[in-house]
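The values are calculated or read from the model by the stated rules, or taken from the named source; none is laboratory data. These numbers were taken from a predicted model, which means no experiment stands behind them. We place every Cβ from the backbone using ideal geometry, glycine too, and count neighbours over all the protein chains shown.
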Amino acid sequence: MKKSVCMATYNGAKYIEEQVSSILTELDVEDEVVIVDDKSSDNTVEIIRRMADDRIKIFENEVNQGPNATFGKAISLAKGGIIFMSDQDDIWIRGRTHVMINALMSENVMLVSSNFDCFDNAGMPCKIHENSIESKKSKKYCRNIIDIFWGNLNYYGCAMVFKKELIPVILPFPSYIESHDLWIAKAANLMKSNIHINDLTLHRRIHGNNASILKRKLWKKIWSRIVFVVSIFTLLKRIVLNNGNN
C-alpha cells in the first residue's frame, strides 16, 4: 500500500535536508513525501527542491497559516493509504515504517503511536519531562482520553501513522484546536481503534522552540480544558456521520 509522509515546514533550512533524507531511505519508489511550506522566509523550499527526488511533492502557502492548518493541508493532499506525519527537524530511525505499519495492519486499527528519544542541537542525548505511551494501555480508551484531558498522556504526530480511512473524521481540523496531534489521538480513542507501541521510531530534536514543550500560563491551561470538551462532542458527531455514510 502506498505510503504518504506529510510534513509542514517553516524556516526549517538548518535541518530539513537531514530529516528528509532520513525519511526517503524508509520509502519505496511509489511512495511520497507531501511537504507544505508555511511561507518560510529562509531558503527551506530551495533546499527541498534541490534534493530533486520525484517522491517529494512540495506546496507553498501564500500566507502563513500556522502548523495545524498546514498539516491539515498536507494530509488532504496525500494520495497514500497509509499516512505518516513528520516534523521538519527530527531524524527517522531505520526500520521505522516496517515496525509501525506492521502494528497498524496486524492489529487492524486506524492509528498507531510510538515513542522516541531526544537529542539537542549538539547531537547529544537529552531528556525532557514527557509521559511516554505504553503498549499495555493501548485499549484503555476512556482512560487514555481522561489522561489527555489532565495532561498525563502525550501523543505526537511525528510519532504516528494512520490509515486514510481516518481522514473523514479528523479533517478539516477545527480552527479552535491547539494540537492536531491530540485531536487525532482523541478521534482514534473514541473510535476504539488505537494502538501504542513501545518502540522508539525516531530521534526528536529539542531546541527550545518546540511548541509542544513550551510552558503555558494558567489561563491557557483552562482554555485547553474547554477546547477539549468541545473537541470530544465535535469528534463524536463526525464519527456518527462517517459511520452513517459507510
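For region 20-32, which residues satisfy the criterion of being under 20 Å from the mean Cα position of the chain (by Cα) and either surrounded by fewer than 15 Cβ atoms within 10 Å (Cβ to Cβ) or in contact (Cβ under 8 Å) with a residue 40 or more places away in the chain (or both)? Walk me through it before giving the result.
Applying the first criterion (under 20 Å from the mean Cα position of the chain (by Cα)) to region 20-32 yields 20-27, 31-32.
Listed by number, the residues that qualify are S21, S22, I23, T25, E26, L27, D31, E32.
Just one of (1) out of contact with any Ser or Thr (no Cβ under 9 Å at 6 or more places or on another chain); (2) in contact (Cβ under 8 Å) with a residue 12 or more places away in the chain; (3) farther than 11 Å from I197 by Cβ; (4) not in a loop (DSSP other than H, G, I, E, B) trips up M105, so point out which.
Against the list (1) out of contact with any Ser or Thr (no Cβ under 9 Å at 6 or more places or on another chain); (2) in contact (Cβ under 8 Å) with a residue 12 or more places away in the chain; (3) farther than 11 Å from I197 by Cβ; (4) not in a loop (DSSP other than H, G, I, E, B), M105 comes up short only on (2).
Can you name the residue in region 1-59 that is acidic (D, E) and in a strand (DSSP E or B) and, of all such residues, is farthest from H98 (Cα to Cα)?
Keep residues of region 1-59 that are acidic (D, E), which gives 17-18, 26, 28, 30-32, 37-38, 42, 46, 53-54.
Of the ones still in play, those that are also in a strand (DSSP E or B) are 32, 37.
Values: E32: 16, D37: 27 Å.
Checked region 1-59; the qualifying residue farthest from H98 (Cα to Cα) is D37.
Inside region 148-174, can you point out the residues that are over 13 Å from the mean Cα position of the chain (by Cα) and at pLDDT below 95?
If the condition is that a residue be over 13 Å from the mean Cα position of the chain (by Cα) and at pLDDT below 95, then I148, F149, W150, G151, N152, L153 are the ones that fit.
Residue-wise test of (1) in contact (Cβ under 8 Å) with a residue 40 or more places away in the chain; (2) touching a Lys or Arg at 6+ places or on another chain (Cβ under 8 Å); (3) acidic (D, E).
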{"site": "N115", "(1), (2), (3)": "yes, no, no"}
{"site": "F119", "(1), (2), (3)": "yes, yes, no"}
{"site": "E134", "(1), (2), (3)": "yes, no, yes"}
{"site": "K139", "(1), (2), (3)": "yes, yes, no"}
{"site": "I148", "(1), (2), (3)": "yes, yes, no"}
{"site": "E165", "(1), (2), (3)": "yes, no, yes"}
{"site": "V169", "(1), (2), (3)": "yes, yes, no"}
{"site": "F173", "(1), (2), (3)": "yes, no, no"}
